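These notes are about the structure you will find just below.
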């Protein structure tokens, strides 16, 4: 796709989705092939746009490894230079303040990090308001700004289901899902993450929204270790949110979706109160939603815990996908709610 074609796609999407942006403060304007822009995702946070670039098919062609790497680098350089020449006029055309580019095509954390300004200067932080909740975002963050738009519908459902309930939010990141539950009247929310920085970010979001601090507890701990501790204490929760990264490494421990996700899901199942719900989320590109849901059902059955229902949470309307879509672009969450009988 050329930068000019990308601009035309942005123009069409902006006119179609501007109302959603006004309501939610942030919107996914382009969602890869679902929006006619294969491997390119564009999100707008306030007036600051970010292009998430998952590369081109040509970058994955066979051949000598060093030649492939050289060709890929040349392609990336040419593409980024073309974008820098085109993006400044997007600011005038759409009334935005900045556009940045994040490379998601290269392997490894180092290759996939780095926020590169294409036009304008993104600020260190902004605040957006998604319906009734406010969130602090960091448009210059090298990987993620602090809020995942693909879980917006889950935040809405958590608010609807929260009244009087006890929540456990594992791998909580900046705490948006837990805060949605708290805003819906949850009795208690426990937010767990290994990162002190993200927990502090979550506390700031809590204060921004004036939510009850005595009903929201932030715990710096490995999520699996917390599950084991909670089992020993015989704690029970009405809702557990499980949304780990597909891959992470911390304190010598490695987490991989393929080997670890469903082990944690089984431990979550054991902590659910009767009638409680596990909200299972993943962005694993090698998994399809129906397979993910079936694996969760089998996980519950293997623990001899009966289930009453397993339901898929759809992606937001700005993602341009049918609610039952099985073929999802990269960067799209699969969300399944599975309820204990």
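See the values below:
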| read-out | value |
| --- | --- |
| Linear extension gain, residue 195 paired with residue 301, 0.36 nm per residue minus alpha-carbon span | 34.9 nm |
| Peptides ranked, highest mean first, by Cβ atoms within 10 Å: ranges 248-261, 168-181 | 168-181, 248-261 |
| Kirkwood hydrodynamic radius of the stretch 75-196, Cα pairs, Å | 16.7 Å |
| Expected 222 nm ellipticity per residue - DSSP helices of 4 or more, -39500 (n - 2.57), all of the chain, to 500 | -12000 deg cm²/dmol |
| Protection proxy ranking, peptides 7-15, 28-36, average beta carbon neighbours within 10 Å, highest first | 28-36, 7-15 |
| Degrees between helix 3-24 axis and first principal axis of the chain (Cα, 0 to 90, nearest 10) | 40 degrees |
| Long-range Cα-Cα pairs in the stretch 211-295 (distance over 21 Å), rounded percent | 36 percent |
| Cα gyration tensor category, rounded, prolate or oblate, for the stretch 148-340 with a/c compared to 1.5 | rounded |
| q = 0.17 Å⁻¹: log10 I(q)/I(0) that the Debye formula gives for the stretch 264-341, counting C-alpha atoms only | -0.64 |
| Extended-chain gain in nm, criterion 0.36 nm per residue less alpha-carbon gap, residue 209 and residue 81 | 42.0 nm |
| Rounded to 10°, Cα long-axis angle of helix 289-302 versus longest principal axis of the chain | 20 degrees |
| Efficiency of FRET from Cβ geometry, residue 134 and residue 258, R₀ 22 Å, rounded to 0.05 | 0.05 |
| Cα radius of gyration and Dmax for the chain (Å) | 20.4, 60 |
| The stretch 1-54, Cα convex hull volume normalised per residue, Å³ | 69 Å³ |
| Pairwise FRET efficiency - residue 33 versus residue 233, Cβ, R0 = 56 Å, nearest 0.05 | 0.75 |
| Gain upon complete extension [residue 326, residue 312; 0.36 nm per residue less C-alpha separation] | 3.9 nm |
| Nearest-ten-degree value, helix 257-271 long axis tilted from longest Cα axis of the chain | 30 degrees |
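Laboratory data are not the source of any read-out in this text; all were calculated from the coordinates shown. Every value quoted in this text rests on a predicted model; they were computed, and no experiment measured them. Counting neighbours? That spans all protein chains shown, and the Cβs are built from the backbone with ideal geometry, glycine included.
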